[in-house]
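Asks: Structure below; questions to follow.
Derivation of every value follows stated rules applied to the coordinates shown; laboratory data play no part. In this text the structure is predicted, and so the values were computed from the model without any measurement. Glycine gets a Cβ as well: all are built from the backbone with ideal geometry, and neighbour counts include every protein chain shown.
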Amino acid sequence: MFGLIPPQAPILINDYKLSNGFAKHYTFDDKESCIYEIALKCLKEGFQFKVLKSCTIRYGVECVQPDCYWYIFTRKIKKATKWRVTNINDKHTCSKTQFNPYHRNVSSKLLGQVILPKVKDVTRVYRPKDKAHNVNMEWNVHVSYKQAWRGKHKALALSQGCSIESFAQLPFYCYNIKRANEGTVTAIEMDAERCFKMCFIGFGVVVSIF
């Protein structure tokens, strides 16, 4: 008998998020999400910021222009992994036209998260120059080929994990295959510099035929 399918968890809507940004008490899942959402917000709106405070319990930014009073301050919630906006002024008094086409907050990590859905699309070859062009068109900011290349590798790490760590698990994978499949033959070959070259796996049921 099949077990009952548990009901889908309800989607919680953050009541403190506005259509054009954040408000006081808006929460993030963790600090990484906090940094990403603030950077993405500024990328979409065409403004830049500088970090005032960044530690294990606080993260605060302000507009890069000295005559602008825009700022966001966040703090880690006690005994939790979530972060919360503690103080915010979400109105810029400067002009975003003076920032484009270059954006100081467009890091390779941010690019990786932005282009992640496109990288997951296996039906197309998404080259770095395509990524740079798409970001330039969509966000109206300049992204170099080198930035796009780094962003691609960040996106691949997010979707597939670190390749170095994955290859480190290969011997354990082969060992478990041999334990679960009697007669299985495995071999891992590396080059002169001890870098991965190829892997051979012959399952026991196939090997027994020859």
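Asks: How high is the FRET efficiency between Ala23 and Phe200 when r is their beta carbon distance and R₀ equals 45 Å, given to the nearest 0.05?
Replies: Numbers: r = 58 Å, r/R0 = 1.28.
That pair, Ala23 with Phe200, gives E of 0.20.
Asks: Mind checking the full-extension length gain between Cys55 and Val207? Use 0.36 nm per residue of separation minus the Cα-Cα distance, one decimal, nm.
Replies: Working: separation 152, 0.36 × 152 = 54.72 nm, distance 5.66 nm.
Full extension of this stretch gives 49.1 nm more.
Asks: Follow-up question, since we're still on this one. Dividing the alpha-carbon radius of gyration of region 51-202 by 2.2 N^0.38 Å (N being the number of residues), what value is obtained?
Replies: Values: Rg = 22.6 Å, N = 152, 2.2 N^0.38 = 14.8 Å.
The value comes to 1.52.
Asks: List the lysines whose alpha-carbon lies under 29 Å from that of Lys178, not counting same-chain residues fewer than 8 positions away?
Replies: Partners found: Lys197.
Asks: Name all residues of region 31-56 having a backbone nitrogen under 15 Å from the label point set 7 Å from the Cα of Leu158 along its Cα→Cβ direction, giving them as ranges.
Replies: Correct set: 31-44.
Asks: Hey, another quick one. Could you pull out which residues in region 51-89 have an amide N less than 11 Å from a spot 7 Å beyond the Cα of Asp30, following the Cα-Cβ vector?
Replies: In region 51-89, the label zone of Asp30 (backbone N under 11 Å from the point 7 Å along Cα→Cβ) covers 81-82.
Asks: Right, here's the next one. So which lysines can Lys50 reach, going by Cα to Cα under 23 Å and dropping same-chain residues fewer than 8 places off?
Replies: Here the lysines satisfying the reach criterion relative to Lys50 are Lys17, Lys24, Lys31, Lys41, Lys76, Lys82, Lys91, Lys96, Lys109, Lys146, Lys154.
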